[in-house]
1. Once amide H atoms are placed 1.01 Å from N in the peptide plane, what residues at a sequence separation of 5 or more from residue 196, or on another chain, have their amide H within under 5 Å of its amide H?
2. Per residue and in cubic angstrom, what volume does the convex hull of the Cα atoms of region 19-172 have?
3. List, in the order given, every pair from 18/207; 7/113; 113/170; 40/152; 55/170; 111/152 whose Cα-Cα distance in the structure shown is over 29 Å.
4. In a GNM of the chain with a 10 Å cut-off on Cα contacts, which of 67, 175, 22 has the highest mean-square fluctuation?
5. Would you mind finding the longest exposed-site-free stretch of the chain, with exposed GluC sites (Glu not before Pro) meaning DSSP loop and at most 12 other Cβ atoms within 10 Å?
6. Per-residue ellipticity at 222 nm for the chain, helices alone: DSSP H runs ≥ 4 residues times -39500 (n - 2.57), over residue total, nearest 500 deg cm²/dmol?
Amino acid sequence: MQVFQNKISNTTLDIFRKHHEMFANDEALNEKHYGAGEVKTLIKKGTLAYEEIIKICNNHFSEDVRMYAAYQRQVAPTELHVDSNDDDDSPSHTICIPMHTDPRIGSVIFKEKFQTNEDFRSFLQDFPYESRKKLSNISERYDLGHTAYNYKNNDRLADFLQLDGAFEYKLGDYMLFEADQLHSSIDFRSYPEYEYKDLVQIHITVKK
Ligand SMILES: [Fe+2]
C-alpha cells in the first residue's frame with residue numbers, strides 16, 4: 001500500500017461532500033446491498049465529483065482504465081476481505097479517500113493476496129494458529145475486535161498476517177493498494193462520536 005499525504009484539496013473534499021448531499025436520496029444512484037450495511041452513493045460521469053476522481057486516477061493510471069467510484073457511508077466496519085473477484089472486470093487497485101481526520105480510525109492492509117473472498121474463507125478455515133507465530137501486534141494498536149479470531153484463545157488472525165500498513169484517516173491524504181490484498185476497517189463503533197464513517201472509494205480495473 002502507498003499513502004499520499006496532503007494531495008486532496010479542501011475544494012475537492014467539499015465537492016465530494018456536496019455530491020453526497022445532493023445524491024444520497026437518489027434511489028438510482030445508491031447501492032445498499034452490502035454486508036456491513038454501508039451505502040455507496042455512486043459518482044458517475046457528468047458530475048463535478050467525477051472530474052475530481054479522474055484527476056486523482058490520472059496521478060497513477062492511464063486514461064483507458066475502468067473506474068467505479070462511490071461516496072461510501074459505513075455504519076459498521078468491514079471484516080477482512082479483498083476487493084477483487086473472479087469476473088473479467090475484477091478491480092485491480094483500490095483508492096481510499098477518507099472524509100474524516102482521526103488517527104484512531106482507518107483501515108489495515110496486509111500483504112496476503114486472494115483472488116476472491118471465497119479463497120480467503122478457505123484460508124481462514126484451515127488457519128493453523130497453533131503452529132504459527134504472531135508477526136505483529138496490530139490488533140493491540142487498533143480496534144480490530146470485529147475481525148477473525150481463534151475461538152480457543154481469542155488470538156486475532158490479523159496479528160499472524162504480514163502487515164503491509166495501517167492507514168490512519170486524515171483529510172487530504174489517500175491510500176492506494178492492490179485490490180487482491182487482504183484488508184479491513186478499523187472498528188470505530190467504540191467512539192460515540194461516530195454513527196458512521198465516510199470515505200470515497202475508487203476501484204480501478206486495468207485491462208489485461
Ligand atoms: Fe475493501
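1. Distant-sequence amide H within range of residue 196: zero hits.
2. Per-residue hull volume (Cα only) is 141 Å³.
3. From 18/207; 7/113; 113/170; 40/152; 55/170; 111/152, over 29 Å: 18/207; 40/152.
4. In the Gaussian network model the winner is 22.
5. 64-192
6. Rounded to the nearest 500, it is -5500 deg cm²/dmol.
Read-outs throughout are calculated quantities, based only on the coordinates presented, and are distinct from any laboratory measurement. Given the structure is predicted, the values throughout are model-derived calculations rather than measurements. We place every Cβ from the backbone using ideal geometry, glycine too, and count neighbours over all the protein chains shown.
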